[in-house]
Amino acid sequence: MVTAPAVIFGAGNVGRGFLGQLFSESGREVVFVEVDRTLVSALNTRRTYTIRLVDNERADEVTISPVRALHAQEVDAVAETLSLADVGATAVGVRALPRIAPLVAAGIMRRNEIGAQSPLNIIICENLKNAAEAFRTMVGEHLSDEHQDYLRTHIGFVDTVIGRMIPPLSAHMRKRDPSLIAVEPYKELPVDRQGFVGTVPRIVGMEPYSPFAAYTARKLYIHNCGHALLGYLGRLRGHALGYEALQDEAVRLLLERALAEARAGIVAEYGVTKEWLEDHIDDLLRRFGNRALADTTLRLGRDPMRKLGPEDRLVGAARLAEKARRAPEALSWGIAAGYLFDDVDDPLAVELQKRVGREGLGTVLADVSRIDSDEPLGVLVHQRYRALREGTWSLPQCD
């Protein structure tokens with residue numbers, strides 16, 4: 001039996017390839033709010049779409065239904081649908097959050113006007129620290145004083161981390177079926193229990209946890225960190241695909257050692273058990289080897305200016321390791337490799353290479369990563385950078 005609708009802002013990889021499945025399997029009509037008119041039309045024509053679950057052993061197809069889609073310009077229809085929903089999600093990308101905030105605000109105003117007393121909880125599936133609170137603030141800016149109390153008491157904004165790997169389909173496959181999407185079978189959705197208002201809705205695969213900070217750290221400093229290492233080191237070793245990089249003995253050794261350093265930092269900072277993280281790392285390394293996903297090292301490494309940030313996946317993990325009195329020997333290789341990422345189709349990679357060439361590594365390292373050249377981590381990164389640039393690194397050098 002289908003119950004209240006679940007509204008998903010964004011029908012892209014995460015929205016369609018993950019959230020849609022979980023909400024549909026939980027007995028909800030899935031309603032996407034999307035800007036791609038071709039995709040909106042396809043979803044409304046079929047009222048279903050297909051997810052292809054792939055790994056190294058098999059491929060299964062799952063039909064998601066009932067489904068419909070609203071264009072983001074249909075403000076009244078979006079507001080009306082939100083007035084009936086008990087759960088929603090955003091999966092639009094950080095830069096698009098300000099554009100959907102007025103739509104969510106319109107739905108909240110509609111709920112208040114009709115006197116809806118049941119809570120609406122919105123899961124914020126965006127790659128942004130404290131994303132739920134940030135989006136709550138954005139939405140609040142579009143509400144008058146008479147709706148602010150309703151926002152506080154009836155609307156939950158919930159942080160989460162997305163672990164399912166969903167690489168983009170080829171242009172040929174997208175043209176053949178704009179609604180098809182291929183993903184790995186993994187479907188766990190940890191969420192911050194403290195973000196909910198009222199009873200936590202029952203959603204397949206969703207597990208509420210409190211405190212939640214350790215899960216955010218695990219995603220960023222283990223999962224995302226591992227992907228970045230595969231992308232940067234794998235590309236330098238001539239690998240086009242992530243699973244190929246994983247099979248390279250030198251890359252695999254550095255990856256395992258880097259994740260051990262990150263693990264030590266997380267254990268010390270958040271008080272979780274070493275075994276909890278070891279189990280996750282073992283499972284993650286198995287999933288990184290999924291050949292059917294064909295995830296490229298270019299995709300894993302793109303946007304290096306952000307990924308080399310002081311609190312992001314590589315440098316942030318290295319800083320946690322340092323706090324735990326663990327020298328980031330292996331993580332420094334990944335940071336150095338990131339500063340050599342030169343994909344000509346990635347404007348931010350091109351900009352980074354231009355800056356390093358013009359200003360020197362030390363200046364850019366301090367500006368982008370907040371790493372001083374004369375501190376221990378800076379010394380390591382400079383050493384690794386020279387070895388990687390000159391092609392003199394080899395397995396014995398992987399300290």
Evaluate the following for residue 259: is it at negative phi, in contact (Cβ under 8 Å) with a residue 40 or more places away in the chain, surrounded by 21 or more Cβ atoms within 10 Å (Cβ to Cβ) and not assigned by TED's automatic domain parsing to the domain that holds residue 164? no
Taking helices (runs of 4 or more DSSP H) that fall entirely within region 1-118, which contain at least 1 residues that are more than 27 Å from residue 163 (Cα to Cα) and in contact (Cβ under 8 Å) with a residue 24 or more places away in the chain? 37-46, 75-84, 97-114
Search result, residues across region 109-133 that are charged (D, E, K, R) and either surrounded by 23 or more Cβ atoms within 10 Å (Cβ to Cβ) or under 22 Å from residue 202 (Cα atoms) (or both): 111, 126
If we only count helices (runs of 4 or more DSSP H) wholly inside region 277-355, which ones have 2 or more residues that are among the hydrophobic types (A, V, I, L, M, F, W, C) and crowded, with 16+ Cβ neighbours inside 10 Å? 297-301, 315-323, 329-338
With surrounded by 15 or more Cβ atoms within 10 Å (Cβ to Cβ) and under 24 Å from the mean Cα position of the chain (by Cα) as the only criterion, which of 40, 78 stands out? 40
Can you pull out every residue in region 362-378 that is within 28 Å of the chain's Cα centre (by Cα) and part of a helix (DSSP H, G or I)? 364, 365, 366, 367, 368, 369, 377, 378
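Conditions (1) over 14 Å from the mean Cα position of the chain (by Cα); (2) buried (at least 20 other Cβ atoms within 10 Å of the Cβ); (3) more than 30 Å from residue 105 (Cα to Cα), marked per residue:
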site	(1), (2), (3)
155	yes, yes, no
159	no, yes, no
197	yes, no, no
203	yes, yes, no
213	yes, no, no
227	no, yes, yes
230	yes, yes, yes
239	yes, yes, yes
Answer yes or no as to whether residue 14 is out of contact with any Leu (no Cβ under 6 Å at 6 or more places or on another chain) and assigned by TED's automatic domain parsing to the domain that holds residue 136. yes
Could you list, in sequence order, the residues of region 188-227 that are β-branched (Val, Ile, Thr), out of contact with any Lys or Arg (no Cβ under 8 Å at 6 or more places or on another chain) and at pLDDT below 95? 199
Yes or no: residue 91 crowded, with 19+ Cβ neighbours inside 10 Å and of a type in the set (A, V, I, L, M, F, W, C)? yes
Which listed residue is without any contact (Cβ under 8 Å) to a residue 60 or more places away in the chain, within 24 Å of residue 22 (Cβ to Cβ) and in the same structural domain as residue 119 (by TED's automatic domain parsing), from 190, 201, 167, 185: 190
Go through region 119-161 and give me each residue that's hydroxyl-bearing (Ser, Thr, Tyr) and free of Cβ contacts under 8 Å to residues at least 40 places away in the same chain. 137, 144, 160
Residue in region 267-276 that is nearest to residue 211 (Cα to Cα), counting only those that are of a type outside the set (Val, Ile, Thr) and either part of a helix (DSSP H, G or I) or in contact (Cβ under 8 Å) with a residue 60 or more places away in the chain (or both): 270
Condition met for residue 61 (out of contact with any Gly (no Cβ under 8 Å at 6 or more places or on another chain) and in the same structural domain as residue 147 (by TED's automatic domain parsing)): yes
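The values are calculated or read from the model by the stated rules, or taken from the named source; none is laboratory data. Only a predicted model underlies this, so the values are computations on that prediction, with no experimental measurement involved. Backbone-built Cβ (ideal geometry, glycine too); neighbour counts: all protein chains shown.
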